[in-house]
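Written below as structure tokens is the structure these notes are about.
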Amino acid sequence: MPALLALPRHKALAAMSSMPAPAELFDQLCSHARQTGLLRSVVGLLEWDERTKLPPAGGDYRAEQVAFLAGEIHRRQIDPVRGEWLATLADSPLAADPDSDAGAIIRLMRRDYQRETKLPQELVEELSRLSVRGQQIWAEARGADDFAMFLPVLDQTLALKREQASALGYDATPYDPLLDEFEPGETTANVARVLEGLRDALAPLVDQIVGSDRGPQSDVLQRDFPEDAQEAFGIEAAAAIGFDFNAGRLDRTVHPFCSTSGPRDVRLTTRYRRNDFGDAFFSILHEAGHGLYEQGLPAEQFGLPLGEATSLGIHESQSRMWENQVARSRAFWQSMLPRAAARFPALADAGVDEFYGAVNAVAPSLIRVDADEVTYNLHICIRFDLERQLIEGRLAARDLPDAWRAAYESYLGVTPPNDAQGVLQDVHWSGGAFGYFPTYALGNLYAAQFFAQAERDLGDLPTMFARGEFAPLLEWLRANIHRHGRRYSAAQLAERITGKPLSHADWLGQCTAKYSELYRL
């Protein structure tokens, strides 16, 4: 056991307070952070277990376990001695280059410290406790199609999130500090500008596609696909693109997610429907994209900022790239369809063009995770608008189902027949993840921009995919994104890699070219 964890707290602090030379002080800071990372990894494992294996009756105690650990982590993060270390190191030669390993660690840890010290201990613990219970109540409410069952915990969560925003402070909107938790340095105003521009540019393409009667059919995806075979093929495909199952695994859950419990322990989850090939397969490839990012972060930096992802927008860029730019390409299925047919007799007569068209069929739909590549961002625009209104107090939680239905009618021309397929479909709000949803759309745009640059740098990616060669793209992502951890912000990464700021231009260009061919526009 590391020495500091073995000491009683008052002795540990006394041992830390003498302020040694900067290099030694930096080592102590990193050791302390790595120990905190151990606690975070335990929380990650408990949360994975809660959403995959925990018996229903264990929920209340699990909430207390997570709340206790969250409180202990927070105490370590806001320890005044840690603040003294950071203040001293910020003025030392180690911080002279803000992008060096030491400089980036000091800069980012100081930012984290300044944020965390604004949050009351009781609030941190209660948010963690309610997150666990909220997700359990959400799962019950979703299964029962009963929004009224979920409403009380949603109201409690909103009250706590507004309290969190107030504690962190903001100028324009309480949504800003919540967004910053997932997309550091980003603002609500800028995200609104980006998404509104995307929505306006996307509308004509959606209208053309929906109005076309010459598009592909998706019937081939609704044949008989036994769940065990889906799982085996999902594992085969995830391994083919580079996910290391010696350092990861795949399990079942209600709502797919990826969880990291250590530098060599990355958990993927999905759900299966026997007569829907795409539901599980594309969620596995999506979560594997997250997992590849986690497995590509420097293991020796685990617990430190350089061993963490830049932002959720960048995280989503990795998952969406493997899901869409790769796994929905014709070239991907040139190499993978024969392997799928070997697993599924129902695909014995399926051709590559038919299958490629099926996995790219466009139709306005009710469920975000089932949405096609083109209309997916409209689902995100709806959630971004609604959760801002909830946090800002312009929409009461009790009125959310009606607002949800109205938004779906307006944006997508579809009406949810019930709340299970409407406002209760996503887990995020039950866990307090307000500010998370826009990162999906940002991720789509970053993915397209990065993929376009990868093609310029690597050459003919489709030919590689058709041969089953995915390592060149993964190595490019490792070199340009994964190895940096949080060293650069999302905006800085976009500029460094592509030479331009985030834009919807590459995403719109790729989709227009692809779907103009598929729908003969």
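The values are calculated or read from the model by the stated rules, or taken from the named source; none is laboratory data. Small disclaimer: the values here were computed from a predicted structure and weren't measured. A quick note on method: Cβ atoms are made from the backbone with ideal geometry, for glycine too, and the neighbour counts reach across all protein chains shown. Keep in mind that these areas ignore ligands, DNA and RNA; they rest on the heavy atoms of the full protein, side chains included. Shrake-Rupley method; radii C 1.70, N 1.55, O 1.52, S 1.80 Å.
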* **Order of exposure, largest accessible area first, which applies to ASP60, ASP399 with probe 1.4 Å** => ASP60, ASP399
* Considering only GLN136, GLN28, ILE284, whose Cα is most displaced toward the positive end of the charge dipole of the chain, charges sitting on Cβ of Lys, Arg (+1) and Asp, Glu (-1)? -> GLN28
* Convert each backbone phi in region 111-125 into a coupling constant with the Karplus relation 6.51 cos²θ - 1.76 cosθ + 1.60 (shift: θ = phi - 60°), then list the ³J(HN,Hα) values in order as whole Hz, x for Gly and Pro. => 4, 4, 4, 5, 6, 5, 5, 7, 9, x, 4, 4, 5, 4, 5
* Structure fact -> Heavy-atom accessible area per residue of region 134-282, all protein chains kept, 1.4 Å probe, expressed in Å², is 42 Å²
* Asked: Got a number for carbon plus sulfur as a percent of the chain's accessible area, 1.4 Å probe?
  -> 51 percent
* Please report, in debye to the nearest 20, how large the charge dipole of region 135-228 is about its Cα centre when each Lys and Arg carries +1 at its beta carbon and each Asp and Glu carries -1 there. => 220 debye
* What's the local net charge at TYR436, with K and R +1, D and E -1, over the other residues with C-beta under 10 Å away? -> -4
* Calculate the all-directions average of the projected area of region 334-427's alpha-carbon convex hull, and give it in nm². => 7.8 nm²
* Along the positive direction of the dipole of the chain (beta-carbon charges: Lys, Arg +1; Asp, Glu -1; about the Cα centre), which of LEU94, LEU366, ALA396 reaches farthest? -> LEU94
* Compare THR117, THR439 by solvent-accessible area with a 1.4 Å probe and give them largest first, with all protein chains kept in place. => THR117, THR439
* To do: Give the relative contact order (percent, whole number) for the chain; include only Cα pairs under 8 Å separated by 6+ residues.
  => 19 percent
* Asked: Ordered by packing density, taken as the mean number of other Cβ atoms within 10 Å over each peptide's residues, highest first, how do 383-395, 316-328 rank?
  -> 316-328, 383-395
* To do: Diagonalise the Cα gyration tensor of the chain and give the resulting equivalent ellipsoid semi-axes, square root of 5 times each eigenvalue, largest first, whole Å.
  => 38, 27, 23
* Asked: What does region 318-370 give for Rg and for Dmax, in Å, if only its C-alpha atoms count?
  -> 12.2, 32
* Asked: Which whole number in µm²/s is D for region 410-464 by Stokes-Einstein, with the Kirkwood Rh taken over Cα pairs at 10 °C and 1.306 mPa s?
  -> 109 µm²/s
* **Per-peptide average of other Cβ atoms within 10 Å, ordering 367-377, 82-92 highest first** => 367-377, 82-92
* Quick one: dipole size for the chain, taken about the Cα centre, charges +1 on Lys/Arg Cβ and -1 on Asp/Glu Cβ, in debye to the nearest 20. => 640 debye
* Structure fact -> Cα convex hull volume per residue for region 101-249, in Å³, equals 265 Å³
* Structure fact -> Mean 1/r over distinct Cα pairs of region 13-152, inverted to a Kirkwood Rh in Å, yields 17.2 Å
